[in-house]
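This report refers to the structure that appears directly beneath it.
The values are calculated or read from the model by the stated rules, or taken from the named source; none is laboratory data. Note that the structure is a prediction, hence the values are computed from the model and not measured. Note that each Cβ is placed from the backbone with ideal geometry, even for glycine, and that neighbours are counted across all protein chains shown. Please note that ligands, DNA and RNA were not included when accessible areas were found on the heavy atoms of the full protein model with its side chains. Shrake-Rupley method; radii C 1.70, N 1.55, O 1.52, S 1.80 Å.
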Amino acid sequence: PQLERLCIHESVANKIPKDGFAEAFSDLDVPVEIVGDDEEFDRTDAVASFRPRDSFLDAGWVHCIRAGYDEFDTDAYADAGVPLTNSTGIHDTTVGEIAVGYMVSLARMLHIYRDHQTENDWYEPPYERPFTVENERLCVVGLGTLGQGIAERADALGMDVVGVRRSDEPVPGVSEIYHPDDLHEAIADARFVAIAVPHTPKTEGMFSTPEFETMRDDAFLINVARGPIADEDDLIAALENGDIAGAGLDVFETEPLPEDNPLWDFEEVIISPHRGSATNRYHLDIADLVKEIFHQYQAGEDLRNRVA
Ligand code: NDP
Ligand code: 7N6
């Protein structure tokens with residue numbers, strides 16, 4: 001059946017303003033409603049949500065507003081015959097910029113200067129510490145929307161960009177592509193390693209002690225994907241032992257990052273609160289994608305970003 005309603009689950013408010021998001025659909029020819037957990041659905045309903053709920057399996061189509069749909073049970077959607085779509089394809093600029101921001105800051109020490117600024121302290125760093133990102137090697141692990149957005153920007157800054165993915169499909173700005181089996185070879189010479197793979201059983205713990213030991217002592221880890229891909233205890237140990245020099249982290253095993261987590265206290269770790277994709281028009285980017293898929297559904301076409 002055709003869709004007769006678009007339901008926006010209130011969990012979207014985790015990341016975007018739910019009223020503004022709903023208003024972005026004013027040109028859609030069906031009613032748009034913000035719904036809570038007690039809502040019931042049928043096959044004429046579309047649902048856009050941040051979090052999964054069992055009741056969504058009664059709807060006609062469900063859209064996860066995140067690129068990472070690891071919290072959704074894709075088998076359940078396949079069994080129910082309900083298409084599930086995600087929001088990959090819209091984060092190249094937003095996450096690409098924040099990843100470059102971490103790298104430039106970690107290289108030029110903006111985070112350290114800011115720390116000293118809070119004490120009105122004219123801090124002069126050791127001469128050897130600052131460096132330019134230009135000519136430094138970046139290894140981007142995962143070369144989809146995020147990875148390509150990071151690679152393209154790093155290439156523009158004159159970095160030497162290599163990458164890791166399962167397929168050998170070339171990516172603009174990436175001079176060499178390694179298979180995940182050769183991860184250690186790929187990261188061994190990199191000054192920066194950026195994680196941009198989805199969280200799956202294969203990628204969970206992909207970065208643990210052996211990878212941190214393989215990385216250069218003066219290398220920085222960037223994680224903009226999902227916390228569990230880099231084992232947090234091992235990461236903390238690697239930072240304490242000096243196996244790596246620092247990190248730029250947007251994602252964590254537990255979010256919000258607990259107040260007593262040791263990651264807060266490293267001078268060379270920059271923490272952002274899972275806002276790598278946040279801008280003042282993020283809700284509009286997601287809405288454009290949802291509208292595109294909505295029209296595809298109504299026209300009986302293949303759905304963009306279908307993951308189940
Ligand atoms: P894409 O699907 O576009 O890209 C994923 C890439 O990972 C593909 O290039 C894929 O290439 C590669 N890949 C998959 N598995 C492996 C593996 N085992 N080893 C190496 N490479 C692998 O996803 P996005 O770029 O849109 O998003 C990636 C993830 O980033 C999301 O799943 C989400 O968790 C996270 N994310 C975080 C955001 C934030 O706010 N911090 C915002 C958006 C996304 P191939 O198939 O060739 O292996
Ligand atoms: C904000 C989610 C993703 O996977 O976790 C990120 O897209 C950001 C809606």
### Query
With all protein chains present, how much of the accessible area of the range 1-102 (probe radius 1.4 Å) comes from carbon and sulfur, to the nearest whole percent?
42 percent
### Task
Choose one of 207, 269, 246: the residue whose Cα lies farthest towards the positive end of the charge dipole of the range 197-275 (beta-carbon charges +1 Lys, Arg; -1 Asp, Glu; about the Cα centre).
207
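Output needed for the chain: three equivalent-ellipsoid semi-axes, defined as square roots of 5 times the C-alpha gyration tensor eigenvalues, in descending order, whole Å.
Numbers: eigenvalues 289, 87, 63 Å².
Working through the eigenvalues yields semi-axes of 38, 21, 18 Å.
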### Summary
On the formula 1/(1 + (r/R0)^6), with r taken between the Cβ atoms of residue 175 and residue 19 and R0 of 41 Å, the FRET efficiency rounded to 0.05 is 0.35
### Sequence-distant residues sharing a close amide H with residue 269 (under 5 Å, placed H)
247
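If the only charges are +1 at each Lys and Arg Cβ and -1 at each Asp and Glu Cβ, what is the size of the charge dipole of the range 43-190 around the Cα centre, to the nearest 20 debye? Before the final figure, lay out each step's value.
On the way: 11 positive and 27 negative charges, 95 e Å.
Once rounded to the nearest 20, the dipole reads 460 debye.
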### Task
Among the lysines, select those whose C-alpha is under 28 Å from the C-alpha of residue 202, and discard any that sit fewer than 8 residues away in the same chain.
15
### Summary
So, with points 7 Å from each Cα along the Cβ direction, the residue 167-residue 204 label distance in nm works out to 2.6 nm
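Arrange the peptides 126-134, 65-73, 142-150 so that the one whose residues have, on average, the most other Cβ atoms within 10 Å appears first. Walk me through the intermediate numbers first.
Numbers: 126-134: 10.8, 65-73: 19.0, 142-150: 23.8.
Peptide ranking by packing, descending: 142-150, 65-73, 126-134.
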### Query
Residues of the range 72-117: accessible area per residue at 1.4 Å, in Å²?
40 Å²
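If you roll a 1.4 Å probe over the range 163-223 with all protein chains in place, what percent of the accessible area is carbon or sulfur? All intermediate terms of the calculation are to be shown ahead of the outcome.
Details: 1430 of 3010 Å².
Its accessible area is 47 percent carbon and sulfur atoms.
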### Summary
Ordering 257-267, 238-248 by per-residue average of other C-beta atoms within 10 angstrom, highest first, gives 238-248, 257-267
### Message
Which one, 159, 13, 142, projects farthest toward the positive side of the charge dipole computed for the range 1-160 from Cβ point charges (K/R +1, D/E -1)?
### Response
159
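Hey, what did the range 210-278 get for relative contact order, percent, Cα under 8 Å, at least 6 apart? Don't jump to the answer; show the numbers that get you there.
On the way: 92 pairs, mean separation 24.3, N = 69.
Once normalised by length, the contact order is 35 percent.
Quick check on the chain: of the DSSP beta bridges with both residues there, what percent are antiparallel, nearest 5%?
Numbers: 1 of 39 bridges.
The antiparallel fraction comes to roughly 5 percent.
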#### Entry: Cβ-based charge dipole, the range 156-303, positive-most Cα from 256, 221, 186
256
### Query
Among the lysines, which fall within straight-line cross-link reach of residue 291, defined as a Cα-Cα distance under 18 Å, with same-chain neighbours fewer than 8 residues apart omitted?
18
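Which order, highest average first, do 183-194, 76-87 follow once you tally other Cβ atoms within 10 Å for each residue and take the mean per peptide? Walk me through the intermediate numbers first.
Numbers: 183-194: 21.2, 76-87: 18.9.
Averaged packing, sorted descending, gives the order 183-194, 76-87.
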### Query
What does the charge dipole of the chain about its Cα centre add up to, to the nearest 20 debye, if the Cβ of each Lys and Arg holds +1 and the Cβ of each Asp and Glu holds -1?
880 debye
### Query
Length gain on complete extension for the stretch residue 131 to residue 184, per 0.36 nm per residue less the alpha carbon to alpha carbon distance?
16.7 nm
### Query
³J(HN,Hα) across the range 271-276 via Karplus (A = 6.51, B = -1.76, C = 1.60, θ = phi - 60°), whole Hz, x for Gly/Pro?
10, 10, x, 6, 10, x
### Task
Only Cα pairs under 8 Å and at least 6 apart count here; give the relative contact order of the chain as a rounded whole percent.
17 percent
### Message
Output wanted: per-residue J couplings in Hz (rounded whole) for the range 113-122, from phi through Karplus 6.51 cos²θ - 1.76 cosθ + 1.60, θ = phi - 60°, x for Gly and Pro.
### Response
4, 5, 4, 6, 4, 5, 9, 6, 10, 6
### From phi via Karplus (6.51, -1.76, 1.60), per-residue ³J(HN,Hα) for the range 47-59 in Hz, x at Gly/Pro
10, 10, 8, 8, 9, x, 9, 4, 5, 5, 5, 8, 7
### In nm, spacing of pseudo-spin labels at residue 263 and residue 299 (7 Å Cα→C-beta vector)
4.1 nm
### Query
Given H placed on each backbone N at 1.01 Å, which residues far from residue 35 in sequence or on other chains put an amide H within less than 5 Å of it?
8, 9, 10
### Query
Amide H neighbours of residue 161 under 5 Å, counting only residues 5+ apart in sequence or on other chains, H built in-plane at 1.01 Å?
138, 175
